[in-house]
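K.L.:
Can you keep this structure in mind? I'll have questions shortly.
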Amino acid sequence: MKEFISEVIVNETSIKRSDFDRWMVPAYSPAEFIPVRGEGSHLWDQAGKHYIDFAGGIAVNALGHTHPVAVHALQEQSQRLWHLGNGYTNEPVLRLAKQLTESTFADKAFFCNSGAEANEAALKLARKVARDKGYTGKTGIIAFKNAFHGRTLFTVSAGGQPKYSEDFAPLPPGIKHAPYNDLAAVADIISDATCAVIVEPVQGEGGVLPADSAFLKGLRELCDKHQALLIFDEVQTGVGRTGELYAYMRYGVLPDVLTTAKALGGGFPVGAMLTTNELAASMSSGTHGTTYGGNPLAAAVAGAVFGFINTPDVLQGVHKRYQYFVDNILRINEDLSIFTEIRGAGLLLGCQMDSHYSGKAKQLTQLASEEGLLLLIAGPDVVRLTPSLIIPFADIDEGLKRMKRAMTRFAGLQDTQS
Ligand SMILES: *Cc1c(COP(=O)(O)O)cnc(C)c1O
């Protein structure tokens with residue numbers, strides 16, 4: 001057994017970035033380096049180069065990499081029970097459901113493995129609820145331009161970025177898109193034939209755009225008027241990301257259905273749809289399901305991560321870090337004028353590129369990785385930061401130093417090009 005393990009490790013060192021192009025479906029274009037180890041907000045690649053991580057696995061690694069609380073939960077559960085299938089329930093999933101329902105508006109949880117699946121469940125629930133209430137033709141779904149809800153056919157159709165859906169037509173019918181933050185546009189198209197409105201409280205992939213409070217309140221009223229479900233896609237904004245446990249709490253608007261994933265497992269794949277007793281009843285036995293949903297290993301890790309984050313200390317720490325990031329990035333930007341605006345909520349931050357630099361957000365993140373810093377983009381013109389919710393201030397300082405170097409080089413390059 002030992003010999004076998006060391007052989008695997010030896011083989012691993014021969015793995016190269018070019019192997020991606022040999023063996024992987026080219027659905028992604030990953031960076032040229034391969035990270036091999038992480039600790040907190042630090043990462044190291046194959047060559048031993050060090051990075052500060054402001055990307056956080058796309059708003060997933062809420063406690064950074066290999067946090068002891070998550071590692072402990074994973075190790076403990078890995079020696080007890082990994083998987084059963086949904087013919088049996090298990091202790092970790094029931095504990096997690098209790099945590100989620102006790103700390104939100106919801107009474108019931110449905111578990112799955114990703115954000116797309118949580119949204120798929122929410123949209124299917126909305127259609128089923130309307131049908132169970134005896135409505136015919138109440139199947140319409142209203143979603144928003146630039147929204148992102150996942151990559152299944154239903155969720156990519158609900159998403160408001162045609163580039164992700166048009167190649168896969170025919171798409172499921174019955175979905176209309178309104179401009180985000182435009183309540184009048186929704187009022188124009190909503191009707192008694194609408195079964196749901198699905199919205200991100202802060203559009204993440206679409207460019208880090210927070211909803212106006214009046215917009216979400218207005219959606220709530222329109223949904224009530226037309227007996228449509230209000231679905232909040234909190235896959236990116238949930239589990240402390242905005243400094244509240246869920247973003248709906250900062251808006252004071254209650255959804256009927258909420259979806260959560262990304263940070264929920266802190267890096268272990270898990271998602272959930274949360275809803276009320278009344279609506280949950282429509283997902284009766286056999287209506288919907290997934291093999292891995294509520295898997296004890298995933299649920300044990302998620303329970304530990306969620307419990308750690310759902311404390312005043314951690315959540316207030318997110319607000320403090322928000323201010324620190326914004327103040328310091330604005331200060332760096334003063335001389336360079338690369339960004340026109342820093343927006344977002346909590347540790348979901350978007351830096352809008354000046355129109356001089358349109359389409360160049362990716363170039364800036366590539367320079368950042370050369371300087372030893374991981375950043376994200378949200379569309380071609382926004383640099384996005386979604387670091388660990390507990391990133392130490394010293395790591396923020398080091399990351400910002402590297403960001404300043406990358407920004408300075410970026411501005412210099414543009415000067416020589418023009
Ligand atoms: C990432 C994301 C999804 C999709 O989640 P997956 O786990 O990739 O399926 C859905 N909605 C929002 C708001 C997201 O940010």
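The values are calculated or read from the model by the stated rules, or taken from the named source; none is laboratory data. If you're wondering where the values come from, they're calculated on a predicted model, not measured in any experiment. Cβ: placed from backbone, ideal geometry, glycine included. Neighbour counts: every protein chain shown. Note: accessible area is taken over every heavy atom of the protein model, side chains too, but ligands, DNA and RNA are not part of it. Shrake-Rupley method; radii C 1.70, N 1.55, O 1.52, S 1.80 Å.
K.L.:
With the requirement that a residue be in contact with a Ser or Thr (Cβ under 9 Å, 6 or more places away or on another chain) and either among the basic types (Lys, Arg) or open to solvent by 40 Å² or more (accessible area, probe 1.4 Å) (or both), what does segment 77-108 give you?
P.N.:
His83, Asn86, Asp107, Lys108 - these are the residues of segment 77-108 that are in contact with a Ser or Thr (Cβ under 9 Å, 6 or more places away or on another chain) and either among the basic types (Lys, Arg) or open to solvent by 40 Å² or more (accessible area, probe 1.4 Å) (or both).
K.L.:
Every residue in segment 258-297 that is of a type in the set (A, V, I, L, M) and away from the ligand (no atom under 13 Å from the Cβ), please.
P.N.:
Keep residues of segment 258-297 that are of a type in the set (A, V, I, L, M), which gives 258, 261, 263-264, 270, 272-274, 279-281, 283, 297.
Correct list: Leu274, Leu279, Ala280, Ala281, Met283, Leu297.
K.L.:
Please tell me if Thr104 is within 16 Å of the ligand (Cβ to nearest atom) and modelled with pLDDT of 95 or more. Break it down stepwise before answering.
P.N.:
Numbers: within 16 Å of the ligand (Cβ to nearest atom): no; modelled with pLDDT of 95 or more: yes.
For Thr104, the condition - within 16 Å of the ligand (Cβ to nearest atom) and modelled with pLDDT of 95 or more - is not met.
K.L.:
Okay, next question. Among Val318, Val326, which is the only one that is under 23 Å from Ser213 (Cβ atoms), among the hydrophobic types (A, V, I, L, M, F, W, C), over 20 Å from the mean Cα position of the chain (by Cα) and at pLDDT 95 or above? Before the answer, list the steps.
P.N.:
Details: Val318 fails: over 20 Å from the mean Cα position of the chain (by Cα).
So the residue among Val318, Val326 that is under 23 Å from Ser213 (Cβ atoms), among the hydrophobic types (A, V, I, L, M, F, W, C), over 20 Å from the mean Cα position of the chain (by Cα) and at pLDDT 95 or above is Val326.
K.L.:
In addition: Just to be sure before I move on: is Arg384 buried (at least 16 other Cβ atoms within 10 Å of the Cβ) and either within 27 Å of Asp45 (Cα to Cα) or in contact with a strand residue (DSSP E or B) (Cβ under 9 Å, 6 or more places away or on another chain) (or both) in the structure I sent? Break it down into steps so the answer makes sense when it comes.
P.N.:
Details: buried (at least 16 other Cβ atoms within 10 Å of the Cβ): yes; either within 27 Å of Asp45 (Cα to Cα) or in contact with a strand residue (DSSP E or B) (Cβ under 9 Å, 6 or more places away or on another chain) (or both): yes.
Yes, satisfied.
K.L.:
List the pairs whose first member sits in segment 386-409 and is in a loop (DSSP other than H, G, I, E, B), whose second member is basic (Lys, Arg), and whose Cβ atoms are under 8 Å apart, counting only residues at least 6 apart or on separate chains?
P.N.:
Thr386/Arg241; Pro387/Arg321; Leu389/Arg241; Leu389/Arg321; Ile391/Arg321
K.L.:
Still on this structure, I have one more. Pick out the one residue from Gly265, Gly294 that is open to solvent by less than 20 Å² (accessible area, probe 1.4 Å), of a type outside the set (Lys, Arg) and in contact with a Gly (Cβ under 9 Å, 6 or more places away or on another chain). Break it down stepwise before answering.
P.N.:
Numbers: Gly294 fails: in contact with a Gly (Cβ under 9 Å, 6 or more places away or on another chain).
One residue alone meets the criteria, Gly265.
K.L.:
Restricting to segment 49-62, and then to whatever is open to solvent by less than 10 Å² (accessible area, probe 1.4 Å) and away from the ligand (no atom under 16 Å from the Cβ), can you tell me which residue is farthest from Thr386 (Cα to Cα)?
P.N.:
Filtering first and then ranking leaves Tyr51.
K.L.:
I would also like to ask the following. Would segment 129-139 turn up any residue that is touching a residue at least 60 places away in the same chain (Cβ under 8 Å) and buried (at least 23 other Cβ atoms within 10 Å of the Cβ)?
P.N.:
yes
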